[in-house]
Each structure stands twice: as structure tokens, then as C-alpha cells.
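Below: one structure, written as C-alpha cells.
The values are calculated or read from the model by the stated rules, or taken from the named source; none is laboratory data. Every value quoted in this text rests on a predicted model; they were computed, and no experiment measured them. In this analysis, Cβ positions are derived from the backbone assuming ideal geometry, glycine residues included, and neighbour counts consider all displayed protein chains. We work out accessible area using only protein heavy atoms, side chains counted, and drop any ligands, DNA or RNA first. Shrake-Rupley method; radii C 1.70, N 1.55, O 1.52, S 1.80 Å.
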Amino acid sequence: YELSLGVSVGSFFGLGLDYGKSWAGRYYVQEAEFLTVGVNPGIGYRLNDRWSVGAGVSAVNSTLNQKTAIRNLPTLQNPNPDDGKLKLEDDDWGFGYNLGVFYEPNEATRFGLTYRSEISFEYKDTASLKGLQPPLSTVANIVGLVGSKVDMEMNLPQAVMFSAYHRITERLAILGNIGWQEWSSFGESSLSLSSEETKDLNLDRDFDDTWHFALGFQYQIDDPWLLSLGIAYDKSPVSDSNRTPDMPLDRQWRYATGIQYDLSADMTIGCAYEFLDAGDAGIDQNRGALAGAIVGDYSSNYIHFFNVNLIKRF
């Protein structure tokens with residue numbers, strides 16, 4: 001029987017976009033940033049030779065920034081007006097938990113099942129409106145948008161992951177994951193505008209829950225060297241007709257490799273590389289005269305990840 005304690009620090013989810021001031025979809029979004037960083041202390045307990053259980057709590061800080069241009073309507077006095085600007089910015093802490101169970105029927109095979117709870121955030125800010133000209137500035141004052149307080153709630157999705165490992169030979173092992181994430185909850189958020197009269201809105205991006213599949217191999221090149229290779233697929237949470245440029249998520253293919261070196265029995269160093277094909281993220285939106293229509297996709301939508309790690313066992 002063994003009791004283990006640990007702590008991890010990392011990001012649950014992150015997205016940063018900067019389209020510039022003159023792009024065609026600036027009335028949907030110009031800049032968007034949603035970043036998270038979390039601390040997760042955990043505890044694990046080995047019940048017997050085959051079964052282990054674990055649990056942890058998550059404290060996650062998130063930052064939300066968004067800037068959008070507003071189309072000022074032309075007038076006789078100013079037929080080509082400059083754009084107005086809307087800016088929202090805030091951060092919040094959210095808390096959740098995770099659970100896990102581990103089963104090892106023999107020395108060559110093991111299975112794991114983990115659950116991560118939903119984490120909720122609430123952002124509060126005073127709407128920053130600049131450069132509005134009549135008649136839009138008049139309308140904004142009448143409806144109470146100028147100086148109003150914005151209160152928005154957003155959820156990181158809960159997730160379940162099943163994992164398996166099997167050592168085929170003394171040097172070669174195969175690994176796999178199957179996971180589910182409740183992105184439909186992330187797509188639903190509430191928005192309140194509070195001035196002289198509070199206005200509550202329910203926003204639904206029509207996101208769907210997603211599935212994750214991964215397959216990998218590990219090869220022990222030599223006693224201190226371990227090579228890893230893997231491929232993963234994540235289903236898109238949203239269709240082209242519902243996808244928006246502030247959250248252009250699509251299906252994802254990941255290809256990764258990494259190598260680790262055991263400096264000693266209790267310390268390992270390593271490095272890894274991952275190539276992410278994030279799909280073309282096609283968009284087909286039309287929000288009328290003020291925002292206009294935006295149709296297209298993202299070419300060469302690729303992301304490269306590089307990682308250096310150090311593992312210390314106590």
C-alpha cells in the first residue's frame with residue numbers, strides 16, 4: 001500500500017487572436033484572448049497490487065480580453081466615418097476537481113479512467129465604448145449601453161478519459177486514449193448588462209460535445225533512453241454555419257514525438273515536439289447591416305509545440 005502526493009501546473013485551454021484593424025470581419029471581432037493557468041494538487045493511494053485511486057482539486061485563473069469594431073453609419077456630414085470600438089477585459093478564478101482510478105491486471109498491462117469536473121468563470125467589466133457617432137451614439141445612450149456593467153459567465157467543459165497501456169515486448173509498448181468533453185456547456189453562456197435597467201441574455205454558440213481518440217507507441221532505445229510517437233484526433237465542436245471568428249475551433253489532428261533520458265532512478269529529463277493541424281475552420285456568418293457577412297476559411301491553420309520537461313521522483 002502506497003500513498004502519493006503531487007502537484008501539477010499548466011493550462012487547461014488557451015486561445016489568442018489578433019486580426020488587425022482593417023480585416024473584413026472586424027465587426028465580429030478584432031482581438032480575442034482567452035487564457036487559463038491552473039494549479040492542481042492531488043493525492044493517490046494504491047489499494048493493492050492491482051487497484052489504485054486518486055483525486056485532486058483545481059484552482060484555475062482565466063483571462064478574457066475582447067475588442068470589436070463598431071460600424072458607424074454614414075451621414076450627409078460624414079459619408080465615410082471611422083469605426084467605433086468596444087472593449088471588454090477581466091479575469092476570474094474558478095475551482096473544480098478531478099478523480100481517477102487505475103487498474104493493473106499484470107506487469108505488462110494497465111488501464112486508467114479519469115474525470116475532470118466543469119469549472120465556471122464570471123467576468124465583470126464596464127463596457128468601454130469609444131468613437132461612436134450619431135445616430136449610433138444616441139441609440140447606445142438610450143438603451144443604456146454606454147457605461148453599463150457587463151457580467152458574463154463561461155464554463156470549461158467537464159471531461160472523461162479512458163486510457164490503456166500494454167507492453168508488447170521488453171522494449172516496445174502501445175498506448176491509447178478515448179475521451180469525451182462537454183463542449184456544449186462551454187458554448188452556452190449568460191450575459192447581463194446592468195445600467196438603469198438590467199438586461200439578461202442567454203448566448204448559445206450551438207457547440208456539440210466532442211470525442212477524442214489517440215494512439216501511441218513507446219520504444220526503449222537503450223536503458224536510459226525512451227522514444228515516444230503518437231497521433232490524436234479531436235472532433236470539431238461546431239459546424240461551419242455556427243462557427244464564429246472569435247472562437248474558430250475545428251477538428252484537430254495531432255502528431256507528436258518525444259524522447260526521455262533517465263539521469264538517475266529518481267530523475268528524468270526530456271523534450272517533445274507536436275504538430276497540430278487545426279483544420280480550415282470554415283465560417284459562414286451574416287449578422288445584417290452593422291456587422292455584415294463573413295464567409296471563408298483559414299489556410300495553413302497549423303500550430304507547432306515544443307516542450308522541455310524535468311521529472312523528479314521523491
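Which number comes out as Rg/Rh for the chain once both Rg and the Kirkwood Rh are worked out on C-alpha atoms? Display every interim value, and only then the final one.
On the way: Rg = 24.0 Å, Rh = 22.7 Å.
Reported Rg/Rh (Cα atoms, Kirkwood Rh): 1.06.
How high is the FRET efficiency from Trp23 to Leu227, r the C-beta distance, R0 41 Å, rounded to 0.05?
Numbers: r = 43 Å, r/R0 = 1.04.
Efficiency, rounded to the nearest 0.05: 0.45.
May I ask you to list the lysines whose Cα is less than 30 Å away from that of Lys130, ignoring any residue fewer than eight positions away on the same chain?
Excluding near neighbours in sequence, the set is Lys21, Lys67, Lys85, Lys87, Lys149, Lys199.
Could you check the spin-label model distance between Ala265 and Tyr165? Points 7 Å from the Cα along Cα→Cβ, value in nm.
Result: 1.9 nm between the two label points.
Give the Rg (one decimal place) followed by the Dmax (whole number) of the stretch 1-112, computed from C-alpha coordinates and expressed in Å.
Gyration radius and largest Cα-Cα distance of the stretch 1-112: 24.4, 82 Å.
For the charge dipole of the chain, defined by +1 on Lys and Arg C-beta atoms and -1 on Asp and Glu C-beta atoms about the Cα centroid, which residue among Gly282, Ala69, Ser8 has the Cα displaced farthest towards the positive pole?
Ala69
With a 1.4 Å probe and every protein chain left in place, work out the accessible area per residue of the stretch 1-127 in Å², rounded to a whole number.
Values: 7500 Å² over 127 residues.
That works out to 59 Å² per residue.
Give me the percent of the accessible area of the chain that comes from carbon and sulfur atoms, probe 1.4 Å, all protein chains in place. Before the final figure, lay out the partial values.
Details: 10500 of 18390 Å².
Ligands and nucleic acids excluded, carbon and sulfur give 57 percent.
Counting helices only, and only those DSSP H runs with n ≥ 4, report the 222 nm mean residue ellipticity of the chain as the sum of -39,500 (n - 2.57) divided by its residues, in deg cm²/dmol to the nearest 500. Working shown, then result.
Values: 3 runs with 16 residues, N = 314.
That comes out to -1000 deg cm²/dmol.
If you put +1 on each Lys and Arg Cβ and -1 on each Asp and Glu Cβ, how big is the dipole of the stretch 211-259 around its Cα centre, in Debye rounded to 20? Write out the running numbers ahead of the final one.
Values: 4 positive and 6 negative charges, 40 e Å.
Here the size comes out at about 200 debye.
Kindly provide the trypsin sites (Lys or Arg not before Pro) of the stretch 42-72 that DSSP labels as loop, not H, G, I, E or B, and whose Cβ sees at most 15 other Cβ atoms within 10 Å. Intermediate values should be presented prior to the final figure.
Working: sites: Arg46, Arg50, Lys67, Arg71; in loops: Arg50, Arg71.
Hits after loop and neighbour filter: Arg50, Arg71.
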